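To start, the structure under review is shown below, and the notes come after it.
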Amino acid sequence: ALERGLKVIQCRLQDFEDAGKYDAVLAISSLIHIPKNEIAAQIGKIASLLQPDGVVFMSFIEGGGEGFEDPTSSGKARYFAKYSEEELLQLLSPYFTMIECHKIKNNKMNHTFCFYVLTL
């Protein structure tokens with residue numbers, strides 16, 4: 001993005017502050033690293049950043065629980081939060097209307113990702 005002259009802000013979503021409104025927000029394989037006790041606030045933050053006719057693309061790992069694991073056996077454990085479909089609907093429905101939902105199996109990680117397209 002920098003090479004193309006785009007503005008890049010590198011930070012955690014929890015630390016991101018902006019009064020702007022965006023046409024689209026892309027959160028693919030990033031929200032899975034936010035602790036469950038912080039995710040509702042971050043979903044609200046994403047909703048507040050979206051234009052009224054904007055679209056959000058986000059993904060989560062299907063399952064339950066949270067913690068550190070090394071799903072690709074790379075020797076680098078990372079934090080992952082996994083959600084049931086019911087948990088995701090409870091998190092997303094106060095803010096968004098679902099346009100589409102797709103489940104994608106990642107064989108390397110042995111996880112199923114839930115990919116959502118949402119609007120306010």
Of all accessible heavy-atom area on the chain, the percent that carbon and sulfur account for (1.4 Å): 52 percent
Accessible area in the full protein assembly, largest first, 1.4 Å probe, for R12, R78, R4: R4, R12, R78
Per residue value of the accessible surface for the chain (all protein chains in place, 1.4 Å probe), Å²: 62 Å²
Residues whose placed amide H lies under 5 Å from that of L120, excluding near-sequence neighbours: G54, T97
Residue-count net charge about E66 - beta-carbon cut-off 12 Å; Lys, Arg +1, Asp, Glu -1: 0
Among A41, A81, A19, residue whose mean-square fluctuation peaks in a GNM of the chain (springs only between Cα atoms under 10 Å): A19
Alpha-carbon Rg/Rh ratio, for segment 1-49, with Rh computed the Kirkwood way: 0.97
Principal-axis tilt of helix 36-48 within the chain, Cα atoms, nearest 10 degrees: 30 degrees
Segment 51-120: projected area of the alpha-carbon convex hull, averaged over directions, in nm²: 5.2 nm²
Cut-off under 5 Å, modelled amide H: who pairs with H111 long-range: N106
Cα point-scatterer Debye curve for the chain, base-10 log of I(q)/I(0) at q = 0.11, 0.12 Å⁻¹: -0.39, -0.47
Y83, Y95, ranked by accessible area, largest first (probe 1.4 Å): Y95, Y83
FRET efficiency for Y22 and Y79, using Cβ-Cβ distance with R0 set to 35 Å, rounded to 0.05: 0.85
Whole-Hz ³J(HN,Hα) from phi, Karplus 6.51 cos²θ - 1.76 cosθ + 1.60, for segment 80-97, glycine and proline x: 9, 10, 10, 10, 6, 4, 5, 4, 5, 4, 5, 6, 8, 4, x, 10, 10, 10
Length gained when the stretch C101-I9 is fully extended (0.36 nm per residue, less Cα-Cα span): 30.3 nm
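The values are calculated or read from the model by the stated rules, or taken from the named source; none is laboratory data. What you see is a predicted model; the values in this text were computed from it and never measured. For neighbour counting, all protein chains shown are included, and Cβ atoms are generated from backbone atoms with ideal geometry for every residue, glycine included. The accessibility values were calculated without ligands, DNA or RNA, using every heavy atom of the protein model including side chains. Shrake-Rupley method; radii C 1.70, N 1.55, O 1.52, S 1.80 Å.
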